[in-house]
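Below is one structure, written out as structure tokens; comments come after it.
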Amino acid sequence: MSVAPAIVDRRLACPRDGAPLFARGEGVACQAGHRFPRRGRAIDFRGEAAPGEAAQRDIYNGEVGHYAEGGDELRRFVRDHLAGRVKSKQELLLRALSGLSFAPSPEVLEVGCNDGRYLSLALALWRGRGIGLDIAERALERAALSGEGEFHLASACALPIAPASMDCVLALDVYEHLGHDGFRRSLREAARVLAEGGALVAYVVSQQDRFTLHETLRRMTGGALGVDAGDGHRYEDFVAPALFREAAAEAGLAIERLDPYHGFWTLFADYWLPRTPRLAYRLLERLDVHLTREGYGNGYLAIARKK
Ligand SMILES: [Zn+2]
């Protein structure tokens, strides 16, 4: 008589067919024989990356860009937050996370978790259990040092997560890196893994950015400045609010709020006035209202519920 092997974790599933995963050799495998190796404590679920994702992986792995800042960014972030010195966008995200509530011990997934700072914050706020996914090994090494939760390597477009197993999915500054097809796939994946009533919290860089600081810089410099190319940004991959609404409806997500942000002054402060006190952000947000209420912003915060 053979004993059935134990399922490794009911929240995890084969990213290719959604089937349960069993320990097999050094890694894990589903019954169809799809195998995924372990790298330290993480499991490597990466298959084929979306076009922008590979570039993003290289940025987070530290070859280019400014992300390779060492392992204690998360601690610095929490310290700066306590000292009231975080950026206005971080305040916005924190307010959004603080405003959500869940049943006890919610399951939280962060897609594109980088060093795990927002997952750690969310778990501290909600006292939940968390999984962070990223495509870059270096990001996960940093997350493993100081982040809360467990971390695995995976594409944002093929989540190694069981259907309807999550109460919340965070996707912050992820969807503008996947190309529009990748964005739609990733949104469908978020909807698939959310339980009914579960919340997607996303921050997305917007194509609808007329008159914002970045768009003004682009116009003034003939495109040399104003797209954050160091962050792997390409304007054609940005996601307009209308496209987000359309793709969310298609994925079975009901939008609860979609708030354009980073009009002009808040973005200016986030770039050039790093020590702006928290209260001043409220004033800057009011100065930006003439843009954001018309739907213009360099990005937007969206919260959507699984129907
Ligand atoms: Zn499989």
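The values are calculated or read from the model by the stated rules, or taken from the named source; none is laboratory data. The shown structure was predicted, so the numbers you read here are calculated from the model rather than taken from an experiment. Cβ: placed from backbone, ideal geometry, glycine included. Neighbour counts: every protein chain shown.
Some points to look at:
- Per-region count, the range 6-35, residues away from the ligand (no atom under 13 Å from the Cβ), loosely packed, with under 13 Cβ neighbours inside 10 Å and touching a residue at least 12 places away in the same chain (Cβ under 8 Å): 3
- When restricted to residues that are closer than 16 Å to Glu189 by Cβ and modelled with pLDDT under 90, the range 28-47 contains 1.
- Residue in the range 148-165 that is part of a helix (DSSP H, G or I) and surrounded by fewer than 21 Cβ atoms within 10 Å (Cβ to Cβ) present: no
- In the range 1-27, the residue that is modelled with the lowest pLDDT out of those that are among the small types (Gly, Ala, Ser) and assigned to a loop (DSSP other than H, G, I, E, B) is Ser2.
- Residues of the range 97-136 that are surrounded by 18 or more Cβ atoms within 10 Å (Cβ to Cβ) and more than 18 Å from Asp173 (Cα to Cα): Phe102, Pro106, Glu107, Leu123, Trp126, Gly128, Gly130.
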